[in-house]
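Engineer: For reference, the structure I am asking about is given below.
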Amino acid sequence: MFDSEFERSLFDLRKSKLEEIEKLGQAAYPNQFPASHSVPAVRARWGQSQAEDLEASRVTVAVAGRIMAIRAQGKAGFATLQQNGERLQIYVRLDAVGEQGFALYKLLDLGDHIGASGYLFRTRTGELTIHVERLTFLSKAMLALPEKFHGLADVELRYRQRYVDLFTNLDSRKVFVKRAGVLKALRRFFDERGYLEVETPMMQQIPGGAAARPFKTHHNALDMDLFLRIAPELYLKRLVVGGLDRVYEINRNFRNEGVSTQHNPEFTMLEFYQAYANYYDLMQITEEMIEFVARQVNGTTVTHFNGHEIDLGKWTRLTMREAIIKYWPPELASTGKPNSIRFTVRGELQELLEPSIVTLKDVCDELNNQILAACGEDETLRISARQDQLSKMSNMMAAVLEDSIAAAPIGKSVYNLFEAVVEPFLIQPTIIYDYPVEVSPLSKAKPGDPAHVERFEFFAGGFELGNAFSELNDPVEQEKRFRQQLAERDRGDDEAHQMDEDYVRALAYGLPPTGGEGLGVDRLVMLLTGSKSIRDVILFPLMRPEKQ
RNA sequence: GAGCUCGUAGCUCAGUAGGUAGAGCAACGCCCUUUUAAGGCGUGGGUCCUGGGUUCGAGCCCCAGCGAGCUCACCA
């Protein structure tokens, strides 16, 4: 528990202070305090009141809070109480609280919880303050608080000791309050539209509904291996088969993958399904939903993220093919353009990629020279930023080409090319639709175009926010898709989908035409709070254990 | 998994050139009855992330490890 001798001796010192407090007739750990108002309530009610009005009406309040600042001045003193993320000053003077009360005041430390009863007034500097008439001790901080001006700044400590972060960094607290607002707004959005909130298994025997590696666990009594779910999708569609036409679930998914600013192994996913809707309907709902949530929690659709101003009320829709053509780097104009090839023929894609990769490398070298010759920091930054983008793109393209030569399905290559060329540039809200069938084992094919499915993903801030499609409801086709995924699994893709025969059986009972969608809630919260890292919107992100 | 950066008092951070560790806050004692990053005087507090190495001498240089951040890889 103790990090140092300093902490141990402080703890001992505080214990003896607690004993002193008990000698004053106060309980060391009392079990309640009858507050008349919360701190935010006092501020809301009297925050604007004039000094004379307070004096005339003599408003008496009793509030509780944690001491975040304390300034003693001989026979009087101040303290700042914090509760529910807001602060209120108290003024304690010997002649108002008496010998015992003032003795208690002198035994208080930063971080202690106290109750203060008295009347409101304004100090000389105009600050709303409680003139305390009775102090009640509530609980002691036995450890030292972080530095009061900077708060807890160490990122690692903020994640590991979130309990300290939350009361010392109020901005951090605001993020999580807003996160709760996002969840509330999402529920309201779907509740108002007649969706039923459901809960489906977190522990599954066949982890399906996504392409990801699962966590494994074990049930002792049944001696059965289980996997933490990577998605609720297949269960939710079973419910639609069962006649729950509109369902949604907000819960955790678990994916056994690396961590990054956009990935935490457990993350919160919203999925919803609507019978008789297709992916065009879902596009409409998506735009309405994001706009609704933004307005509910921020009062506006405009948000600021990573240096960009993003308007979550203004959407662009592009097919994947259109997007690749639109975002194809102009630096490659002379070596070939994607609008001249069919996206369904492996050879044509390879012929486009080969010279493009070479050219990109040349361009990067040329940009390197320009960086050396550049005058001015701005120019250097601009050129090197572009160079970073292109060099990353070139590496990803090379991987796509290599995979394609190794017999990767064409649709998979197109999808990976999309991720290389387009995804990082989707800062403003964008819907990308019409995905290759090979990367969409659960989506319904486009009528008359068996290579593509009725699926879209939506992006903002440069990352994927969610994924939606017209659900494949033909059990024969679904079984075939699963078999294709098994082939990919054999080819070495351990994230390819597994066979789920019970799901196929469910489809055989008849799934109505249905649209379904998943939304990364953490990422939406990131956008709405301007948080660059997913860890800043997850209360307790996964961390390696500290060594002893 | 790779690269870069970081790790010094409870917290926020300095630390010159390799010469044996500092400030502010917090703590402790004293003074102060409208302060607010209160103030004044004084005191205590360190496994410089860990383990090796180089050196007469290492917080600083080298190697390995641990943890973190960022970037990349991985990641419907």
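Engineer: Does the range A:472-481 include one or more residues that are of a type in the set (Val, Ile, Thr) and either at pLDDT below 95 or closer than 29 Å to residue A:298 by Cβ (or both)?
Structural biologist: Step one: list which residues in the range A:472-481 are of a type in the set (Val, Ile, Thr), which gives A:476.
Then keep just the ones that are either at pLDDT below 95 or closer than 29 Å to residue A:298 by Cβ (or both); that gives none.
No, because not a single residue in the range A:472-481 is of a type in the set (Val, Ile, Thr) and either at pLDDT below 95 or closer than 29 Å to residue A:298 by Cβ (or both).
Engineer: Tell me, yes or no, whether the range A:118-126 has at least one residue that is away from RNA strand B (no atom under 11 Å from the Cβ), outside any strand (DSSP E or B) and farther than 30 Å from residue A:289 by Cβ.
Structural biologist: No: zero hits.
Engineer: Could you grab me the full set of residues in the range A:73-92 that are over 21 Å from residue A:30 (Cβ atoms) and open to solvent by 80 Å² or more (accessible area, probe 1.4 Å)?
Structural biologist: Step one: of the range A:73-92, the residues over 21 Å from residue A:30 (Cβ atoms) are A:73-78, A:80, A:85-87, A:89, A:91.
Across the range A:73-92, the qualifying residues are A:73, A:75, A:87.
Engineer: Using beta carbons and a limit of 6 Å, which pairs, at least six apart or on different chains, have the first residue in the range A:428-447 and more than 14 Å from RNA strand B (Cβ to nearest atom) and the second one polar (S, T, N, Q) and open to solvent by 30 Å² or more (accessible area, probe 1.4 Å)?
Structural biologist: Close Cβ pairs (under 6 Å, with a partner that is polar (S, T, N, Q) and open to solvent by 30 Å² or more (accessible area, probe 1.4 Å)) amount to A:430/A:316.
Engineer: Let me ask another. Restricting to the range A:413-434, and then to whatever is farther than 30 Å from residue A:307 by Cβ and in contact with a strand residue (DSSP E or B) (Cβ under 7 Å, 6 or more places away or on another chain), can you tell me which residue is most open to solvent (accessible area, probe 1.4 Å)? Outline the logic, then answer.
Structural biologist: Applying the first criterion (farther than 30 Å from residue A:307 by Cβ) to the range A:413-434 yields A:413-414, A:434.
After this cut, where a residue has to be in contact with a strand residue (DSSP E or B) (Cβ under 7 Å, 6 or more places away or on another chain) as well, the list is A:414, A:434.
Details: A:414: 7, A:434: 23 Å².
Within the range A:413-434, the match that is most open to solvent (accessible area, probe 1.4 Å) is A:434.
Engineer: State whether the residues of the range A:262-276 include one that is without any contact (Cβ under 8 Å) to a residue 60 or more places away in the chain and not acidic (Asp, Glu). Write out each step before concluding.
Structural biologist: Of the range A:262-276, the ones without any contact (Cβ under 8 Å) to a residue 60 or more places away in the chain are none.
Among the residues of the range A:262-276, not one is without any contact (Cβ under 8 Å) to a residue 60 or more places away in the chain and not acidic (Asp, Glu), which makes the answer no.
Engineer: Does residue A:306 fit the bill of being within 26 Å of residue A:394 (Cα to Cα), under 21 Å from the mean Cα position of the chain (by Cα) and surrounded by fewer than 18 Cβ atoms within 10 Å (Cβ to Cβ)? Don't jump to the end; show me each part of the working.
Structural biologist: Working: within 26 Å of residue A:394 (Cα to Cα): yes; under 21 Å from the mean Cα position of the chain (by Cα): yes; surrounded by fewer than 18 Cβ atoms within 10 Å (Cβ to Cβ): yes.
So residue A:306 fits the description; yes.
Engineer: How about the range A:127-144: which of its residues are modelled with pLDDT of 95 or more, near RNA strand B (Cβ under 9 Å from one of its atoms), in a loop (DSSP other than H, G, I, E, B) and touching a helix residue (DSSP H, G or I) at 6+ places or on another chain (Cβ under 9 Å)?
Structural biologist: Listed by number, the list is empty, since nothing qualifies.
Engineer: Name the pairs whose Cβ atoms lie under 7 Å apart, with the first residue in the range A:530-547 and within 14 Å of residue A:173 (Cα to Cα), the second part of a loop (DSSP other than H, G, I, E, B) and within 9 Å of RNA strand B (Cβ to nearest atom), and 6 or more positions between them or separate chains?
Structural biologist: Hits for this filter: A:535/A:541.
Engineer: When you go through A:71, A:66, A:122, A:58 one by one, which is the residue that is touching a Phe, Trp or Tyr at 6+ places or on another chain (Cβ under 7 Å) and over 23 Å from residue A:168 (Cα atoms)? Outline the logic, then answer.
Structural biologist: Working: A:71 fails: over 23 Å from residue A:168 (Cα atoms); A:66 fails: over 23 Å from residue A:168 (Cα atoms); A:122 fails: touching a Phe, Trp or Tyr at 6+ places or on another chain (Cβ under 7 Å).
On inspection, the qualifying residue turns out to be A:58.
Engineer: Which one of A:490, A:474, A:388 is open to solvent by 50 Å² or more (accessible area, probe 1.4 Å), acidic (Asp, Glu), within 13 Å of RNA strand B (Cβ to nearest atom) and at negative phi?
Structural biologist: Working: A:490 fails: within 13 Å of RNA strand B (Cβ to nearest atom); A:474 fails: within 13 Å of RNA strand B (Cβ to nearest atom).
A:388 is the lone residue from the list that is open to solvent by 50 Å² or more (accessible area, probe 1.4 Å), acidic (Asp, Glu), within 13 Å of RNA strand B (Cβ to nearest atom) and at negative phi.
Engineer: Still on this model: Which one is nearest to RNA strand B (Cβ to nearest atom), of the residues in the range A:156-178 that are of a type in the set (Ser, Thr, Tyr) and open to solvent by less than 40 Å² (accessible area, probe 1.4 Å)?
Structural biologist: Residues of the range A:156-178 that are of a type in the set (Ser, Thr, Tyr), as a first pass: A:159, A:163, A:168, A:172.
Narrowing further to those that are open to solvent by less than 40 Å² (accessible area, probe 1.4 Å): A:159, A:168, A:172.
Values: A:159: 6, A:168: 8, A:172: 13 Å.
Only one residue tops the list, namely A:159.
Engineer: Just to check your reading of the model, which residue among A:34, A:30, A:40 is away from RNA strand B (no atom under 13 Å from the Cβ), open to solvent by less than 50 Å² (accessible area, probe 1.4 Å), part of a loop (DSSP other than H, G, I, E, B) and modelled with pLDDT of 95 or more?
Structural biologist: Details: A:34 fails: open to solvent by less than 50 Å² (accessible area, probe 1.4 Å); A:40 fails: part of a loop (DSSP other than H, G, I, E, B).
Going through A:34, A:30, A:40 in turn, just one is away from RNA strand B (no atom under 13 Å from the Cβ), open to solvent by less than 50 Å² (accessible area, probe 1.4 Å), part of a loop (DSSP other than H, G, I, E, B) and modelled with pLDDT of 95 or more: A:30.
Engineer: Among the residues of the range A:359-382 satisfying the criterion of being at pLDDT 80 or above and open to solvent by less than 50 Å² (accessible area, probe 1.4 Å), which is nearest to residue A:334 (Cα to Cα)?
Structural biologist: Going through the qualifying residues, I end up with A:359.
Engineer: Quick check on the range A:435-463: of everything there that is surrounded by 18 or more Cβ atoms within 10 Å (Cβ to Cβ) and acidic (Asp, Glu), which residue is farthest from the chain's Cα centre (by Cα)?
Structural biologist: Among residues in the range A:435-463 that are surrounded by 18 or more Cβ atoms within 10 Å (Cβ to Cβ) and acidic (Asp, Glu), the one farthest from the chain's Cα centre (by Cα) is A:438.
Engineer: Here are the criteria: (1) aliphatic (A, V, I, L, M); (2) more than 9 Å from RNA strand B (Cβ to nearest atom); (3) open to solvent by 20 Å² or more (accessible area, probe 1.4 Å); (4) more than 23 Å from residue A:142 (Cα to Cα). Tell me which single one residue A:103 does not satisfy.
Structural biologist: Result: residue A:103 passes all but (4).
Engineer: Oh, and also: Just to be sure before I move on: is residue A:508 surrounded by 14 or more Cβ atoms within 10 Å (Cβ to Cβ), on the phi < 0 side of the Ramachandran plot, modelled with pLDDT of 95 or more and more than 14 Å from RNA strand B (Cβ to nearest atom) in the structure I sent? Working first, answer last.
Structural biologist: Numbers: surrounded by 14 or more Cβ atoms within 10 Å (Cβ to Cβ): yes; on the phi < 0 side of the Ramachandran plot: yes; modelled with pLDDT of 95 or more: yes; more than 14 Å from RNA strand B (Cβ to nearest atom): yes.
Considered against the rule, which asks whether it is surrounded by 14 or more Cβ atoms within 10 Å (Cβ to Cβ), on the phi < 0 side of the Ramachandran plot, modelled with pLDDT of 95 or more and more than 14 Å from RNA strand B (Cβ to nearest atom), residue A:508 comes out as yes.
Engineer: Separate question: Would you please list the contacts, defined by Cβ atoms under 7 Å and residues six or more apart or on different chains, that run from a residue in the range A:132-152 that is within 15 Å of residue A:109 (Cβ to Cβ) to a residue that is away from RNA strand B (no atom under 11 Å from the Cβ) and part of a loop (DSSP other than H, G, I, E, B)?
Structural biologist: Pairs found: A:137/A:26; A:138/A:30; A:138/A:33; A:139/A:29.
Engineer: Moving on to the next point. Determine whether residue A:66 is closer than 16 Å to residue A:110 by Cβ and either more than 9 Å from RNA strand B (Cβ to nearest atom) or at pLDDT below 95 (or both). Steps first, please.
Structural biologist: On the way: closer than 16 Å to residue A:110 by Cβ: yes; either more than 9 Å from RNA strand B (Cβ to nearest atom) or at pLDDT below 95 (or both): yes.
Against the criterion (closer than 16 Å to residue A:110 by Cβ and either more than 9 Å from RNA strand B (Cβ to nearest atom) or at pLDDT below 95 (or both)), residue A:66 qualifies.
Engineer: In contact (Cβ under 8 Å) with a residue 24 or more places away in the chain, more than 9 Å from RNA strand B (Cβ to nearest atom), hydrophobic (A, V, I, L, M, F, W, C) and at negative phi: does that describe residue A:417? Steps first, answer last, please.
Structural biologist: Details: in contact (Cβ under 8 Å) with a residue 24 or more places away in the chain: yes; more than 9 Å from RNA strand B (Cβ to nearest atom): yes; hydrophobic (A, V, I, L, M, F, W, C): yes; at negative phi: yes.
When the stated conditions are applied, residue A:417 passes them.
Engineer: Quick one: how many residues across the range A:324-334 are surrounded by 16 or more Cβ atoms within 10 Å (Cβ to Cβ) and over 37 Å from the mean Cα position of the chain (by Cα)?
Structural biologist: Total meeting the criteria: 0.
Engineer: Could you identify the single residue in A:181, A:194, A:151 that is open to solvent by less than 60 Å² (accessible area, probe 1.4 Å) and modelled with pLDDT under 95?
Structural biologist: Values: A:181 fails: modelled with pLDDT under 95; A:194 fails: modelled with pLDDT under 95.
Only one candidate qualifies: A:151.
Engineer: What single numbered condition from (1) of a type in the set (A, V, I, L, M, F, W, C); (2) closer than 20 Å to residue A:491 by Cβ; (3) in a helix (DSSP H, G or I) fails to hold for residue A:408?
Structural biologist: Going through (1) of a type in the set (A, V, I, L, M, F, W, C); (2) closer than 20 Å to residue A:491 by Cβ; (3) in a helix (DSSP H, G or I) one by one, residue A:408 breaks only (3).
The values are calculated or read from the model by the stated rules, or taken from the named source; none is laboratory data. Being a predicted model, the structure only gives us computed values, none of them experimental. When we count neighbours, we look across all protein chains shown, and the Cβ atoms used for this are built from the backbone with ideal geometry, even at glycine. To get the accessible areas, we keep the full protein, side chains included, count just its heavy atoms, and leave off ligands, DNA and RNA. Shrake-Rupley method; radii C 1.70, N 1.55, O 1.52, S 1.80 Å.
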